[in-house]
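Visitor: For reference, the structure I am asking about is given below.
All of the numbers you see were taken from the coordinates with simple rules; none came from a lab. In this text the structure is predicted, and so the values were computed from the model without any measurement. Every residue, glycine as well, gets a Cβ built from its backbone with ideal geometry; the counts of neighbours run over all protein chains shown.
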Amino acid sequence: MIDQIVALFQFFFNSYSSIGTTFADYAGSATAATLTNFINSVAIAIKPIGYSLLCVFALLEFAQLSERVGNVTGFMGAGLVINVLVKLILCKLVVDNSTEICNFLITLGDNLTEIVLSDTSQGVFSPDNLYKGIRNAFPNWWDILGQIGFFLVSCLFIFIASLGILIVKIVYLARFIQLFVYTAVSPIPLSTCLSKHFNVATNFIKSFFAVCLQGALLILVQAIFGSIFTTQINGVSNITQGDWGALWSMLGSILFYSILFVVTAFQTQKWANSICHAM
């Protein structure tokens with residue numbers, strides 16, 4: 001029975017450690033490449049709409065400029081016109097390279113995630129420590145009933161904890177879908193960078209990078225709680241003979257921190273928006 005309990009906790013750690021960092025980790029490289037090509041095609045199809053909006057904003061800018069230039073003569077008036085033309089050219093380049101800008105931000109977020117992964121450790125689960133702790137908690141042969149009870153309750157608790165991990169994986173996967181959708185429609189919000197009154201391009205960039213940053217925050221949170229889980233479980237190796245209460249306490253802490261992990265994972269989007277000042 002002890003072997004089954006250890007295998008149950010090993011399953012929990014395998015599920016916890018399988019949270020991927022790239023879309024290919026979830027859907028496979030072929031699916032990720034196909035979806036990326038599809039998103040780029042959609043962005044290309046939407047670019048004419050972005051160009052149309054850019055023309056509208058350019059007309060509005062020139063209309064406002066005509067009112068100011070009416071009272072200005074000489075090089076100062078020409079300078080105002082040149083200023084608008086330069087802004088128009090730059091905004092045109094931004095729309096032209098909208099997908100490249102989004103891909104750059106995604107790469108920046110992925111690099112940040114890799115840095116977090118390389119500089120953090122979530123600890124290593126030791127089956128031997130857990131085996132020793134259970135053996136100490138139930139030292140006698142008649143303690144088999146206690147082992148069975150602990151196994152049944154562990155099944156329930158690990159199921160709830162694994163369900164929470166699945167929810168976090170869904171949140172992480174939804175983040176990739178959000179990035180794909182943002183990339184596909186990026187020519188539209190980026191086309192507003194020319195306008196002073198309708199400019200949503202700046203907030204779009206902030207929101208986009210906030211989604212990228214959320215991945216690094218999720219991995220950081222995962223590493224923090226991974227360390228807590230391994231500390232709690234590996235610590236049962238110090239249980240004294242017959243101290244089954246410490247074993248139940250460890251199981252309860254695993255459930256508590258699993259729920260806290262899910263709640264914290266949902267907070268990472270708010271944290272990322274706050275860091276990037278995204279609305």
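Visitor: Select from 195, 207, 249 the residue whose mean-square fluctuation is largest in a Gaussian network model of the chain (Cα-Cα springs shorter than 10 Å).
Guide: Among 195, 207, 249, the largest GNM mean-square fluctuation belongs to 249.
Visitor: Gaussian network model of the chain, Cα springs within a sub-10 Å range: biggest mean-square fluctuation belongs to which of 205, 82, 101?
Guide: Answer for the Gaussian network model of the chain: 82.
Visitor: With a Cα-only, solvent-free Debye model of region 109-260, what are the log10 I(q)/I(0) values at q = 0.13, 0.16 Å⁻¹?
Guide: Ignoring solvent entirely, the Cα scatterers give -0.73, -0.93.
Visitor: Do the alpha carbons of any pairs in 47/206; 47/270; 206/270 sit beyond 19 Å of each other, and which pairs?
Guide: 47/206; 47/270
Visitor: Let me ask you something else. Over the chain, what relative contact order in percent results from Cα pairs under 8 Å that are six or more residues apart?
Guide: Result for the chain is 32 percent.
Visitor: Moving on to the next point. Rank 96, 110, 128 by mean-square fluctuation in a GNM of the chain with C-alpha springs under 10 angstrom and give only the top-ranked residue.
Guide: Of the options given, 128 has the highest mean-square fluctuation.
Visitor: Along the positive direction of the dipole of the chain (beta-carbon charges: Lys, Arg +1; Asp, Glu -1; about the Cα centre), which of 126, 81, 195 reaches farthest?
Guide: Result: 81, furthest along the dipole toward the positive end.
Visitor: Moving to a separate point now. Can you give the calculated 222 nm mean residue ellipticity of the chain, where each DSSP H run of n ≥ 4 adds -39,500 (n - 2.57) and the sum is split over every residue, rounded to the nearest 500 deg cm²/dmol?
Guide: That comes out to -29000 deg cm²/dmol.
Visitor: Under the 0.36 nm per residue contour assumption, what length would be gained going from the current alpha-carbon distance of residue 82 and residue 275 to full extension? Before the final figure, lay out the partial values.
Guide: Numbers: separation 193, 0.36 × 193 = 69.48 nm, distance 3.61 nm.
Residue separation times 0.36 nm, minus the Cα-Cα distance, leaves 65.9 nm.
Visitor: Related question: Taking the simple approach of a point 7 Å from Cα along Cα-to-Cβ for both residue 30 and residue 107, what is their distance in nm?
Guide: A separation of 2.7 nm, rounded to one decimal place.
Visitor: Where in region 217-240 is the amide nitrogen less than 18 Å from a point lying 7 Å along the Cα-to-Cβ axis of residue 259?
Guide: From region 217-240, the list is 225, 229.
Visitor: To test your reading of the geometry: what angle, between 0 and 90 degrees and rounded to tens, separates the Cα axis of helix 201-234 from the longest principal axis of the chain?
Guide: It works out to around 10 degrees.
Visitor: At 20 °C and 1.002 mPa s, what whole-number value in µm²/s does Stokes-Einstein give for the translational diffusion of the chain, with Rh from the Kirkwood sum over Cα pairs?
Guide: Roughly 95 µm²/s, to the nearest whole number.
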